[in-house]
Structure formats: structure tokens, C-alpha cells
Amino acid sequence: MRWWDIEAVHALEKELFPDDAWSRGMFWSELAHARGAGSTRRYVVAVDGDRLVGYAGLSASGDQGDVQTIAVARDQWGTGLGARLLTDLLRHATAFECAEVMLEVRVDNTRAQKLYQRFGFEPIGCRRGYYQPGNVDALVMRLTDPSTTVTPVQGTENG
């Protein structure tokens, strides 16, 4: 992801997550940490022709990675794009020397939960009211040793 992708990323963000979309400034802030020798972020986009159809981001701190965001345009659901984006993030978590990767996912987003479970993420807790302003709970999931899980552990790639 580069600065010139932010408008299209933000438009997809608002379409998919209308109640709790990230601001343009949040994406700018993340990208500020994604370049150079001391980078601690990995942000990628997926493009189909001239159209941005997905994006994903990872933050790394010490030996822990955190999937910050993954989004796939609705007409791309079931194509494996989510799995490809997550695979990229996990490869970079390994490059960042992360011993584990964490994420939060809406409790009502079973499609994403299934994707993460296929990659070996396990639920470890719940954050009440995490997604605002809708006051939706987040399921906290963890993957230990992302270096061994760069492809789904079961099922097909249809995320």
C-alpha cells in the first residue's frame, strides 16, 4: 500500500465497515511506519484491473505481530483473496521475527473467523464493546509461530 492507494482503501473501508471505519489519517499513520530499515508495519493492496479489491495490514512490536486489518470487496468473497492477503501478512510476521500473531475480529463476522481458524488462529478471549460506536464485541485470536503457518491448515482457500 502506498499513499496514492489511501482514497480507494478508505472508500472500501467505509463500504465494508460503515459504523467503525478507519479514517484516512489512521491509514496515513500506519503507512508512516511501513517503510525503511526500522519499519514495523506491512500494508498491502490487491488490485483487479484498475480497481482496488482488498487490503491488509500487520503491525509488529518485539516478538508479537498484530493483524490490524483485512478487507476484501464483497464481489471478491470466496475467491481466496482473503487467504492470499493473510498469507502475505504471516510471511512478513516471520520476517519481523514475530513468535505469535494476534488479531481481533467482530463476534458476528463468522466468515473471517473461519478464515483465521483455517490458518491456525485460536480464540483466546473477548473484548466487550471493542467496535464502536456499535458496541460490538471482538473475539481475540492468536496464532503461535506464524513461520509454520503460511498456508491454511485445512480446507480450501476461499476467504
### Message
Being part of a helix (DSSP H, G or I), open to solvent by less than 40 Å² (accessible area, probe 1.4 Å) and farther than 18 Å from ARG106 by Cβ is the filter here; which residues of the range 1-30 pass it?
### Response
ASP5, ILE6, VAL9, HIS10, PHE27, GLU30
### Message
Among the residues in the range 79-97, are any modelled with pLDDT under 95, of a type in the set (S, T, N, Q) and touching a helix residue (DSSP H, G or I) at 6+ places or on another chain (Cβ under 7 Å)?
### Response
yes
### Query
Given the structure, is ASP48 within 18 Å of ARG2 (Cα to Cα), free of Cβ contacts under 8 Å to residues at least 40 places away in the same chain and open to solvent by 50 Å² or more (accessible area, probe 1.4 Å)?
yes
### Query
Across the range 78-98, what is the total count of residues that are open to solvent by 50 Å² or more (accessible area, probe 1.4 Å) and in contact (Cβ under 8 Å) with a residue 40 or more places away in the chain?
6
### Task
State whether the residues of the range 51-69 include one that is within 25 Å of ARG128 (Cβ to Cβ), open to solvent by 70 Å² or more (accessible area, probe 1.4 Å) and free of Cβ contacts under 8 Å to residues at least 24 places away in the same chain.
yes
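The values are calculated or read from the model by the stated rules, or taken from the named source; none is laboratory data. As the structure is a computational prediction, the values presented were derived from the model and not from experiment. Using ideal geometry, Cβ is built from the backbone for each residue, glycine included, and neighbour counts are taken over all protein chains shown. Remember, those area values only see protein heavy atoms, side chains included, never the ligands or the DNA or RNA. Shrake-Rupley method; radii C 1.70, N 1.55, O 1.52, S 1.80 Å.
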